[in-house]
1. Give me the Kirkwood hydrodynamic radius of the range 111-232, using the inverse of the mean 1/r over all pairs of distinct Cα atoms, in Å to one decimal.
2. Apply the a/c threshold of 1.5 to the C-alpha gyration tensor of the range 63-103 and tell me whether it is rounded, prolate or oblate.
3. If I compute Kirkwood radius over Cα pairs in Å from the structure I just sent, which labelled value in [x] 19.7; [y] 19.2; [z] 18.4 lines up?
4. What's the local net charge at Val189, with K and R +1, D and E -1, over the other residues with C-beta under 13 Å away?
5. According to the square roots a ≥ b ≥ c of the eigenvalues of the Cα gyration tensor, what is the shape class of the range 169-232, taking rounded for a/c under 1.5, prolate for a/b larger than b/c otherwise, and oblate for the remainder?
6. Based on the Cα atoms of the range 47-161, what semi-axes does the equivalent ellipsoid have, where each is the square root of 5 times one gyration tensor eigenvalue, given in whole Å with the largest first?
Amino acid sequence: MKKKLVVLTGAGISAESGIKTFRDSDGLWEGHNVMDVATPEGWHKNPDLVLDFYNQRRRQLHEVKPNLGHFTLAELENDFDVHIITQNVDDLHERAGSSSVLHLHGELFKVRSIKNEHHFLDWKTDLHLGDLDANGHQLRPHIVWFGEEVPALDEAIRITEMADYFAVIGTSLQVYPAAGLISYIKKTVPIYYIDPKPGKIHNLNNPLETISMNATDGVPFLKNRLINEFLL
């Protein structure tokens with residue numbers, strides 16, 4: 001039976017494909033204050049602005065491609081039972097071939113009813129006011145905004161608790177509740193932290209290896225390390 005490798009990915013791995021992250025630019029995301037475009041309050045105040053913002057992000061997603069970091073994680077499925085928990089709303093892990101991807105913060109290529117958070121639709125074009133579900137309710141981006149609950153969190157915790165190896169890739173571990181997943185890793189499980197500017201993991205008793213590389217260099221490095229150390 002293959003050992004279970006659980007991977008938590010953040011904006012850093014997608015940034016290498018050309019998707020920008022707001023956390024490197026003083027809270028601005030593509031020139032917008034995140035409170036205006038990524039909160040329920042912003043949606044109620046100016047839904048047209050929010051829809052236009054995500055329409056632009058959705059169009060951009062059609063233009064970018066997975067990078068070597070994404071593809072190498074998919075390749076690791078040949079030797080490990082790989083489960084990816086991602087904070088990213090793009091589909092680059094899926095396009096690279098990963099078969100088990102849990103999106104903590106929603107997905108750009110899905111929308112949902114404002115009246116039923118469990119009613120999702122696949123959606124790859126622009127979304128406008130007046131686009132309704134079957135019951136006549138407005139559709140909104142399937143994005144977990146600041147201040148909203150993270151529906152996938154319980155599943156992420158369950159997956160994390162089962163890990164034999166855990167990798168953190170391209171995240172500063174500053175965004176909760178995702179960063180809190182670290183506390184659910186069994187204490188004997190080694191953690192590999194890949195980031196060119198890694199943050200500090202507090203109150204950690206696990207074996208930790210910090211790999212100060214970007215994802216396109218660091219994930220192939222991790223692949224070789226895992227195979228050489230645990231499979232050969």
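Every number in this text was worked out from the coordinates using simple rules, so none of it is lab data. As the structure is a computational prediction, the values presented were derived from the model and not from experiment. Cβ atoms come from the backbone with ideal geometry, glycine included; neighbour counts cover every protein chain shown.
1. Result for the range 111-232, one decimal place: 17.2 Å.
2. Oblate, because a/c is 1.5 or more while a/b does not exceed b/c.
3. [z]
4. +1
5. oblate
6. Over the Cα atoms of the range 47-161, the ellipsoid semi-axes are 28, 18, 11 Å.
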